[in-house]
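The values are calculated or read from the model by the stated rules, or taken from the named source; none is laboratory data. Just so it is clear, the model here is predicted, and its values are computed rather than measured. FYI the Cβ positions are ideal-geometry reconstructions off the backbone, even for glycines, and counts take in every protein chain you see.
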Amino acid sequence: MTFQNTLECAQELDAADPLSKYRKEFHYPQVNGKDVIYFTGNSLGLQPKCTQKFVDDVMKDWRELAVEGHFYADKPWWDYHERLAEGLGKVVGAHPEEISVMNTLTVNLHLLMVSFYRPTNKRYKILCEEKAFPSDQYMLQSQVKYHGLDPKDAIVEVKKRPGEHYWRTEDVVHKIKEVGDELALVLIGGVNYYNGQVFNMKTITQAGKSVGAFVGWDLAHAVGNVDLKLHDWGVDFAAWCSYKYMNSGPGNASGIFVRQKHLGKKDIPRFEGWWGTKKETRFLMQPEFDPIETADAWQLSNPPILSLAPYLASLELFDEVGMQALIQKQQNLTAFLEFVLYEVDKEVESTFEIITPEERGCQLSVFLHGEGRAIFDYLMKEGVIVDWREPNVIRLAPAPFYCSFTDMFNFGQILKQGILQKSA
Ligand SMILES: *Cc1c(COP(=O)(O)O)cnc(C)c1O
């Protein structure tokens, strides 16, 4: 249907939306006595109502069974993490054995680099995007230094072209070819946190492999947001956090993907712990490490059950709805938001610019000219939760599970008011 910047149009779009019923499955913060319009699902997803029960169940088992819960809880703790593999496999396009859940994102990227960044005299460079998420930059620099190399030499950043707000796939591929047989690893954020760009992961993965490098992806902003086919694309490894689009709760556990062909190997360099050794022999407490034949071989410790419980709860919702339906809605909703923004922009005479390219998931980054910070403050006060990135960018991520078309319309009206007031 053609969009109009009216409440009626927004309500019609909501009525036609098969996912609109999921809105009531989430808890919303309140501002001025009303549910907020929540645009920061790319930072911390809302709490699904079903989460509480999953956590309560673990608390009850711990209370009533104590140590026996490891084996006799309803969902026994010793293999609790295995329950997430199948659902996550569907979300990221992987076989369940290629998935594990453990630690947090930056930790996992470090652990995976132990296996997949093994610099030699000739092949030691890492290719990433310029201005990667800071944690990723620190991680890459410290890894390179750990191997006695100089980050200035070993880290190759792909830049945007002057005056452009996004990376071109051809520039990434060109750089990969240029570095060629010096390239040890390609490691990029699959969806850029700042401009919301979705990298062409398939093409870039192929290019990296064609020069003999390993290819890994940080999927923090990609998982639960865009279409992923990690297995089919031939990705070597990936990791993601679960608290953004996957709604698992603050600081919660991270997922990893390790390509099938790297599994079941004893000779792969890896930091190891007892939860990575085979279950059948684990409790014989013997000195020899016998890796599980799945990505769980990268697990070190026994899993944090109280963290996995909310992740499992959220994953059941993802399983019920399916990524295809989420992506479909996300595209419609983001398109409507873009339309509303341009309509407002016409009415207030161009005070902002969308810097997100067409290759996008569920995020529009808006560069505000002029009174950016004041407009941000106004939005927050009016119950629109957005986030602010220096120098003058607000990021809007209308997560398809719990944001509505009516939210987008109402946001447009509030934004217009804010701009008119602040520039008056
Ligand atoms: C959110 C995010 C992180 C967060 O890392 P943690 O280790 O979970 O704190 C890392 N990298 C990227 C690209 C992110 O977007």
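Observations, loosely collected:
- Considering residues of segment 206-252 that are more than 16 Å from the ligand (Cβ to nearest atom), in a loop (DSSP other than H, G, I, E, B) and among the small types (Gly, Ala, Ser) only, the residue surrounded by the fewest Cβ atoms within 10 Å (Cβ to Cβ): Gly212
- Subset of segment 177-205 that is part of a loop (DSSP other than H, G, I, E, B) and closer than 18 Å to Asp232 by Cα - its residue that is nearest to the chain's Cα centre (by Cα): Gly190
- Close Cβ contacts (under 7 Å, 6 or more residues apart or on different chains) running from residues in segment 216-241 that are assigned by TED's automatic domain parsing to the domain that holds Val114 and closer than 18 Å to Arg259 by Cα to residues that are within 11 Å of the ligand (Cβ to nearest atom) and of a type in the set (S, T, N, Q) comprise Ala239/Asn108; Ala239/Ser254; Trp240/Ser254.
- Qualifying positions in segment 264-304 - of a type in the set (A, V, I, L, M, F, W, C), farther than 23 Å from Lys75 by Cα and in contact with a Ser or Thr (Cβ under 6 Å, 6 or more places away or on another chain): Ile268, Phe289
- Output for segment 180-197, where each listed residue is surrounded by fewer than 24 Cβ atoms within 10 Å (Cβ to Cβ) and within 13 Å of Asn42 (Cβ to Cβ): Gly189, Tyr193, Tyr194, Asn195
- Residue in segment 263-282 that is within 16 Å of the ligand (Cβ to nearest atom), surrounded by fewer than 18 Cβ atoms within 10 Å (Cβ to Cβ) and at pLDDT 95 or above present: no
- Residue in segment 32-52 that is assigned to a helix (DSSP H, G or I) and surrounded by fewer than 19 Cβ atoms within 10 Å (Cβ to Cβ) present: yes
- Helices (runs of 4 or more DSSP H) lying entirely in segment 67-148 (those with 1 or more residues that are among the charged types (D, E, K, R) and within 16 Å of the ligand (Cβ to nearest atom)): 134-146
- If you check Val235, Val223 for being modelled with pLDDT of 95 or more and under 22 Å from Val179 (Cα atoms), only one passes: Val235.
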